[in-house]
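Colleague: Sharing a structure with you now.
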Amino acid sequence: MHFHERPCRCMANAGCGVNVDPALSFLPAYGVAERVAPAIRRLTAGNAGPLTFRGTNCYLLGEEEITVIDPGPDDDAHVADLIAAAGGSIRCILVTHDHADHAGAARRLSELTGAEVLGSAPSPSRPFYRPDRVLADEEMVTTEAGNLQVVATPGHAAGHLCFDLAGLDFLFSGDHVMGWSTSVVVPPDGRMADYMASLDRLADIGARSYLAGHGGPVTDGLARVDELKRHRQAREAAILRALDSGDRTVQEIVSAVYIGLDPALAGAAALSVTAHIDWLEERGLVRKAGDRLSRC
Ligand SMILES: [Zn+2]
C-alpha cells in the first residue's frame, strides 16, 4: 500500500527533486507474462488504483521450475492467469511483505500448485498470510534465474524484504523503492527510522536495476534511492519549519506542508507526518505532550 505525495509529482514542493516520470509511462498488458529480462517475466494483476498504480507486479523467475515473487491479490481471475502464464510448474512463492495486494494470493496459489511459501514475517493483523517459512536476512534462495539474496528492508512494512539477483544486476524491491511514487510508511507496522536505514542498505549493495512491486523498472536504482532520501530529508525539514512557525498538531503540520493536498489523501498524509514525528522524537528533536508537538 502506498500513495503519491502530491507535492512531489506536481513539483509544487520545490527542492524535493523527486522525478517519477519514467515509471508513469508504464502500461502493462494485463493477464499475460511480459519478459523483462532473460529468465524473468512480469505479470501485472488487474488491481490498478490510487494505492496500487497500474496494479501489483508479480515476477516469474525461470521457465520450468518457476519461482514467483509476490503472487499478488487473492482474485480468481488473477490466480488463473498466473498459473496459465507460468507455463512450467510453480515450485516456490516468495513474498516481499504481507500487504494483501502482494501476499493475498500466496496461500491459494500454494494450495493449487504445491509450491512452498517463503517470505517476510507475518504480522498478527494479516492472518491471511501464513508462510511455510520466514526467510532470514542474507539467506540465499536458489532459482532458475540465479541465486537470490534476501535483503531485510523494514520501513514500509516491519517485515519487508527485497531480493537481490546479483548475478543479473537486478533487485526485486517490492514496495520499498518504486519509480512511480514514494512508499507510504504507516506506524506502527511502518517505521521511518527503519525505512531510512533500509534505503542506506540498498545503497550499500550498489548499482542494480530495480524491479518494483508497482510500476515499471527503475533502471538506476542508486539514483532513485538517493532521490527518496532527499525527499524524506526535505519533508522533515518542512515539518521542522512548520513547528518553528507555531504549528502544534499533526493536522496543522499537514496543512502547512502539503499545499493543495487532494482531500482523499489527507489521512495518508497525516500518517506520513506521524511517521516523521516519531522518528524526530526518537532522535530527541521533537517532544510530544498529548497531541501537542514542540521542538526540543
Ligand atoms: Zn505494501
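The values are calculated or read from the model by the stated rules, or taken from the named source; none is laboratory data. Given the structure is predicted, the values throughout are model-derived calculations rather than measurements. Neighbour counts run over all protein chains shown; Cβ positions are idealised from the backbone, glycine included. The accessibility values were calculated without ligands, DNA or RNA, using every heavy atom of the protein model including side chains. Shrake-Rupley method; radii C 1.70, N 1.55, O 1.52, S 1.80 Å.
Colleague: Being surrounded by 15 or more Cβ atoms within 10 Å (Cβ to Cβ) and farther than 20 Å from residue 189 by Cβ is the filter here; which residues of the range 259-284 pass it?
Modeller: Result: 261, single match.
Colleague: Only one of (1) open to solvent by 10 Å² or more (accessible area, probe 1.4 Å); (2) over 20 Å from residue 199 (Cβ atoms) fails for residue 234. Which number is that?
Modeller: Of (1) open to solvent by 10 Å² or more (accessible area, probe 1.4 Å); (2) over 20 Å from residue 199 (Cβ atoms), only one is false for residue 234: (2).
Colleague: So, one more: Of all residues in the range 190-209, which are out of contact with any Asp or Glu (no Cβ under 9 Å at 6 or more places or on another chain) and within 15 Å of the ligand (Cβ to nearest atom)?
Modeller: Passing the criteria: 190, 194, 195, 198.
Colleague: Please state which one of 250, 225 is open to solvent by less than 10 Å² (accessible area, probe 1.4 Å) and under 28 Å from residue 49 (Cβ atoms).
Modeller: The conditions single out 225.
Colleague: Of all residues in the range 137-178, which are more than 16 Å from the ligand (Cβ to nearest atom), surrounded by 20 or more Cβ atoms within 10 Å (Cβ to Cβ) and assigned to a loop (DSSP other than H, G, I, E, B)?
Modeller: The one that is more than 16 Å from the ligand (Cβ to nearest atom), surrounded by 20 or more Cβ atoms within 10 Å (Cβ to Cβ) and assigned to a loop (DSSP other than H, G, I, E, B): 145.
Colleague: Return only the number of the condition from (1) more than 26 Å from residue 168 (Cβ to Cβ); (2) at pLDDT below 95; (3) open to solvent by 30 Å² or more (accessible area, probe 1.4 Å) that residue 49 does not satisfy.
Modeller: Going through the list (1) more than 26 Å from residue 168 (Cβ to Cβ); (2) at pLDDT below 95; (3) open to solvent by 30 Å² or more (accessible area, probe 1.4 Å), residue 49 breaks only (3).
Colleague: For the range 69-100, give me the residue count where each residue is of a type in the set (Asp, Glu) and open to solvent by 20 Å² or more (accessible area, probe 1.4 Å).
Modeller: Within the range 69-100, residues that are of a type in the set (Asp, Glu) and open to solvent by 20 Å² or more (accessible area, probe 1.4 Å) number 4.
Colleague: Among the listed residues 211, 222, which satisfies the condition of being within 22 Å of the chain's Cα centre (by Cα) and either part of a strand (DSSP E or B) or outside the structural domain of residue 27 (by TED's automatic domain parsing) (or both)?
Modeller: 211
Colleague: Residue 97 is checked against (1) in contact with a helix residue (DSSP H, G or I) (Cβ under 6 Å, 6 or more places away or on another chain); (2) not in a strand (DSSP E or B) and fails just one. What number does that condition carry?
Modeller: (1)
Colleague: Only one of (1) in a helix (DSSP H, G or I); (2) open to solvent by less than 30 Å² (accessible area, probe 1.4 Å); (3) farther than 19 Å from residue 192 by Cα is not met by residue 256, so which one is it?
Modeller: Unmet condition: (2).
Colleague: Can you find a residue that is under 23 Å from residue 25 (Cα atoms) and within 16 Å of the ligand (Cβ to nearest atom) anywhere in the range 82-100?
Modeller: There is no residue in the range 82-100 that is under 23 Å from residue 25 (Cα atoms) and within 16 Å of the ligand (Cβ to nearest atom).
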